[in-house]
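The values are calculated or read from the model by the stated rules, or taken from the named source; none is laboratory data. None of the values given here were measured: they were computed from a predicted structure. Cβ sites come from the backbone with ideal geometry, for glycine too, and all protein chains shown count toward neighbours.
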Amino acid sequence: MNIITNPQQLQELSTQLKKDQVTIGFVPTMGYLHDGHRALLRAAREQNDIVIMSVFVNPLQFGPKEDLASYPRDFEHDKQVAMEEGVDYLFHPAVEAMYPVQMSVTVKVERRTDCLCGRSRPGHFDGVATVLMKLFHLAQPTNVYFGKKDAQQVAVVDGLIEDFHFPINLVAVNTVREEDGLAKSSRNIRLTPTERQEAGILYKSLSIARGELIKGNVDVEALKNSIIALVEKESSGKVDYFEILTYPQLEQLKERTGKVIIAIAVQFSNARLIDNIIFELSNAPR
């Protein structure tokens, strides 16, 4: 495995790989890798000739009330995971390398951000989209890999690729879960032992709501309220949101057909957990 820190070097490498008609799988991350990231890397390894992973904590996606300095980092661990999962090139640039001067052009995301996590994090997805524009031009991937756990991010990336005509295939990889259904996340270590036992209610609540929709429950607002009450009864967490929307458009559900996302965010004492289920309602009863 080769480690690259210079953006120009990565671009020159990927340009040559494209000339050689080599398929490139790209996994952009902010590091502190866990089993969810391993699933992305394994999918990339299976489907491409070359795998490039980036580890870059992007300052543009942190809001004024979010502490960039406290974001967890462990590059030695990340290197070990990358080697174990067969990464060919690990891109780990300094902030000064990615943003040597104040940018004169950035990306503003106009849709798919005024709901879910985007509602409480204004500007976050602008920062995500801006850094991905740079990374896509540098890595020039054939396929790019994101986890379905961050479904709103996947929806934004889908729009970015479509709107700017990137010749990139977006691969959304299924969420990796613990035995009780809790989505694996670096945030889970912040849960107290009691909260960890309670946290399985997130996936349970999503599954209940999916079952009700498939059975023909048409009162979406009543369903949302009942699920929120259940989660707050069965745990010490406070529900930030529980939403049922179209996907990837992330609009209010008007027709009971097509792809749907049920998404939840719950604030515990020191951790805010998110999860979702995405499924087709095409064959659901009316």
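Being surrounded by 17 or more Cβ atoms within 10 Å (Cβ to Cβ) and either over 22 Å from Ser226 (Cβ atoms) or aromatic (Phe, Trp, Tyr) (or both) is the filter here, so list the residues in region 189-207 that pass it. Scanning region 189-207 gives Leu191, Glu195, Arg196, Tyr203.
Looking at this structure, is Tyr32 touching a helix residue (DSSP H, G or I) at 6+ places or on another chain (Cβ under 6 Å) and either at pLDDT below 95 or of a type in the set (D, E, K, R) (or both)?
Considered against the rule, which asks whether it is touching a helix residue (DSSP H, G or I) at 6+ places or on another chain (Cβ under 6 Å) and either at pLDDT below 95 or of a type in the set (D, E, K, R) (or both), Tyr32 comes out as yes.
Of the residues making up region 107-143, those that are closer than 17 Å to Pro248 by Cα and in contact with a strand residue (DSSP E or B) (Cβ under 9 Å, 6 or more places away or on another chain) are Cys115, Leu116, Cys117, Arg119.
Residue check, Leu41 against (1) assigned to a helix (DSSP H, G or I); (2) surrounded by fewer than 16 Cβ atoms within 10 Å (Cβ to Cβ), all met but one. Which one? In the conditions (1) assigned to a helix (DSSP H, G or I); (2) surrounded by fewer than 16 Cβ atoms within 10 Å (Cβ to Cβ), Leu41 misses (2) alone. Taking the condition among the charged types (D, E, K, R), closer than 20 Å to Ile278 by Cα and part of a helix (DSSP H, G or I), does Glu195 pass? The answer is no for Glu195.
Picking from Asp49, Asp74, which residue would you name as being among the charged types (D, E, K, R) and more than 29 Å from Leu182 (Cβ to Cβ)? Before you say what the answer is, go through the steps one by one.
Details: Asp74 fails: more than 29 Å from Leu182 (Cβ to Cβ).
Only one candidate passes the filter, namely Asp49.
Applying the condition of being more than 19 Å from the chain's Cα centre (by Cα) and in a helix (DSSP H, G or I) to region 54-80 and asking which residue is modelled with the lowest pLDDT yields Ser70.
Under the condition of being surrounded by 17 or more Cβ atoms within 10 Å (Cβ to Cβ) and in contact with a Leu (Cβ under 7 Å, 6 or more places away or on another chain), which residue from region 235-249 is nearest to Leu213 (Cα to Cα)? Ranking the candidates gives Ile244 first.
Is it the case that some residue within region 114-125 is in contact with a Phe, Trp or Tyr (Cβ under 8 Å, 6 or more places away or on another chain), farther than 25 Å from Glu76 by Cβ, of a type in the set (Lys, Arg) and in contact (Cβ under 8 Å) with a residue 12 or more places away in the chain? Yes, that holds for at least one residue.
Residues that are at pLDDT 95 or above and either under 30 Å from Ser70 (Cα atoms) or exposed (fewer than 14 other Cβ atoms within 10 Å of the Cβ) (or both) within region 212-233 comprise Asn225, Ala229, Val231, Glu232, Lys233, listed in sequence order. Scanning region 147-169 turns up one or more residues that are under 25 Å from Arg45 (Cα atoms), assigned by TED's automatic domain parsing to the domain that holds Pro93, in a strand (DSSP E or B) and out of contact with any Pro (no Cβ under 8 Å at 6 or more places or on another chain).
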